[in-house]
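> Structure in structure tokens, see below.
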Amino acid sequence: MKIRSLSGLLDFIEEHLDLKHQAHVERLHLSSLRFENCQTLPLSIIPTSVQEDLYPLSEAFADPRKMMFNELMYSFGSIYSSVQLKDFFPLHIRSNYGIGIMPSIFGAESRTIGDNMPWVEPIGLERAKQLLNEGIPDVNRGLAGRAIETNHFYMETLDGYPKCAKAIHVTQPDMQGVFDIAHLLLGTEIFYLLYDEPDSVKDFLSLITECYIRYRKALTPYLRDQIEDDFICIHGGIYPGSVLLKEDTAMINLSPSLYEEFVLPYNKRIFQELPGSVHYCGGIQQWHYEVLDEQGTMGVNYGNPEMQELSAVYSENYKHRRPIVGWGGNQEFTFQEAIYQNGITTGITLSCIVRDLNEGKQVIEQYKKTKQG
């Protein structure tokens, strides 16, 4: 059955949504995130075939109804699939305007090529220096304001579906991280500026940090992302804290000394105001664990688990009771044996891709039969 309207999709989800199961899902996530012993670790199933039913990105950007349809169908998970599979995906949607939301507050434009997520056009150092004299900009500008409006639309729409309103979390858009925002605004020139104009870069990072905090607080009335008091739904899972910093650029491209100078102080400032977690892609180096500890990171998501050795990664994070969220990502469920072999029964949540709903049913049914621990 193909569903092509938002109302039809919400009707379908409302009919198939099991509130008792979803409450169990959230309890299971929290149990693992708190390092309580779990008989079954929560596993989210992501069928890729549902992407065929999505509206083109350009249409979704222009129409919040189409964006909401896409988010319900497929994002970091699939609510449409999950209510049928009864897997362990925590149901949530976001205003998906890409990585340009925070840069747009500073006047940066996003450009879409084909049906790909948009690229940000850098504003350059001279404009950044002008912004320093202007102070914190209006956080309702550009895509940031549109994200708020779209979240508001989501909440109003869900209110017409009692079970959906209770079970589906409306979460934060992609706010990136401080250094990653600076990289988007300054372009690759930022890596030269760290040496040529370090003070200007630090001043700009401070401005971005305060803007990040202000925008996150402005979002609060337009979010239903909290799970109890200390956790949020975001980025495909449940995370400790109230924000998720994206550190793809900083973790992979900076040396330990540069990270300590140009990233750590600003992340610590955010986490003092808004405790939270970190996501980054690429390989893991030993010093990453040290800075995650120092800045007070509550949880971590690795974008490329296929590049890591699970036993070592789990051990390092277990020392500091820092849970790993969404291990597996866009992999097939080939990491199951590593979970069992390492005797992991807590402190981690899992996700994997499958081709379609039929394969998803096979994976989750077999998984539920397997007792861990």
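> What about Ile284, is it open to solvent by 20 Å² or more (accessible area, probe 1.4 Å), hydrophobic (A, V, I, L, M, F, W, C), out of contact with any Gly (no Cβ under 7 Å at 6 or more places or on another chain) and in a strand (DSSP E or B)?
no
Yes/no per residue for (1) within 16 Å of Gly360 (Cβ to Cβ); (2) surrounded by fewer than 18 Cβ atoms within 10 Å (Cβ to Cβ); (3) among the small types (Gly, Ala, Ser):
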residue	(1), (2), (3)
His24	no, yes, no
Ser32	no, no, yes
Cys38	no, no, no
Glu59	no, yes, no
Met67	no, no, no
Asn70	no, no, no
Met73	yes, no, no
Ser81	yes, no, yes
Tyr97	no, no, no
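> Additional query: So, in the stretch 40-57, of the ones that are under 28 Å from Ile348 (Cα atoms) and over 21 Å from the mean Cα position of the chain (by Cα), which residue ends up least open to solvent (accessible area, probe 1.4 Å)?
Thr40
> Scanning for something over 21 Å from the mean Cα position of the chain (by Cα) and charged (D, E, K, R), does the stretch 246-262 turn up at least one residue?
Within the stretch 246-262, one or more residues are over 21 Å from the mean Cα position of the chain (by Cα) and charged (D, E, K, R).
> Can you name the number of the only condition in (1) surrounded by 18 or more Cβ atoms within 10 Å (Cβ to Cβ); (2) at pLDDT below 95; (3) not hydroxyl-bearing (Ser, Thr, Tyr) that Asp229 fails?
Failing condition for Asp229: (1).
Per-residue answers, yes or no, for (1) outside any loop (DSSP other than H, G, I, E, B); (2) out of contact with any Leu (no Cβ under 8 Å at 6 or more places or on another chain); (3) farther than 16 Å from Leu274 by Cβ:
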residue: Lys166; (1), (2), (3): yes, no, yes
residue: Gln176; (1), (2), (3): no, no, no
residue: Leu184; (1), (2), (3): yes, yes, yes
residue: Leu207; (1), (2), (3): yes, no, yes
residue: Ala250; (1), (2), (3): yes, yes, yes
residue: Tyr259; (1), (2), (3): yes, yes, yes
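> Against the condition within 30 Å of Asn358 (Cβ to Cβ), in contact (Cβ under 8 Å) with a residue 24 or more places away in the chain, surrounded by 19 or more Cβ atoms within 10 Å (Cβ to Cβ) and of a type outside the set (Asp, Glu), how does Ile93 come out, does it pass?
The answer is yes for Ile93.
> Please verify whether the stretch 31-44 includes one or more residues that are within 20 Å of Asn151 (Cα to Cα) and touching a residue at least 12 places away in the same chain (Cβ under 8 Å).
No, the stretch 31-44 contains no residue that is within 20 Å of Asn151 (Cα to Cα) and touching a residue at least 12 places away in the same chain (Cβ under 8 Å).
> Which count do you get for residues in the stretch 261-274 that are open to solvent by 10 Å² or more (accessible area, probe 1.4 Å) and outside any helix (DSSP H, G or I)?
1
> Going by the structure shown, is Arg94 more than 28 Å from His16 (Cα to Cα) and not hydrophobic (A, V, I, L, M, F, W, C)?
No.
The values are calculated or read from the model by the stated rules, or taken from the named source; none is laboratory data. Nothing here was measured: the structure is a model prediction, and the numbers come from that model. Heads up, the Cβs are rebuilt from the backbone with ideal geometry, glycines too, and the neighbour counts pull from every protein chain shown. Keep in mind that these areas ignore ligands, DNA and RNA; they rest on the heavy atoms of the full protein, side chains included. Shrake-Rupley method; radii C 1.70, N 1.55, O 1.52, S 1.80 Å.
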